[in-house]
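These notes concern the structure reproduced below.
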Amino acid sequence: MGWLWAIIVGFVLGLIAKAILPGKQHSPLWLTTIFGIIGGVVGNSIARAIGIAETKGIDWGRHGLQIAAAVVIVFLGDMLYMALRGNKQRA
């Protein structure tokens, strides 16, 4: 069940990150989901490192870090995807 939740949360984080970023992102939905999963893991790691991973009630700080990490990873991942995709189309 943990993997299913990771995929669902990654999908949602990826879509939120795409909505926050200006312009059009060209990465496919499956790749956006992977970027979202990575963003969630990175955000949780940062939250754990600064001591806000487990709090009473809703973990707004942890969720904010997850979204911020997902935005950065979707941005960088889409740039890398377009660079690799552009090189393949030229060949």
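General remarks:
- Förster radius 25 Å - calculated FRET efficiency between W30 and W60, Cβ distance, rounded to 0.05: 0.30
- Computed about the Cα centre, the dipole magnitude for the chain is approximately 300 debye when only Lys and Arg (+1) and Asp and Glu (-1) carry charge, each at its Cβ.
- Inter-label distance, nm, simple model (7 Å from Cα along the C-beta direction), V12/A53: 2.0
- For the chain: relative contact order, % (alpha-carbon pairs under 8 angstrom, 6 or more apart): 34
- Charge dipole of the chain about the Cα centre (unit charges at C-beta), most positive-ward option of V72, S27, I16: S27
- Two-decimal log10 I(q)/I(0) for the chain, as the Debye equation yields it once each C-alpha is a single scatterer, q = 0.22 Å⁻¹: -1.01
All of the numbers you see were taken from the coordinates with simple rules; none came from a lab. Just so you know, these numbers come straight off a predicted model, no measurement behind them. Note that we place each Cβ from the backbone using ideal geometry, even for glycine, and neighbour counts take in every protein chain shown.
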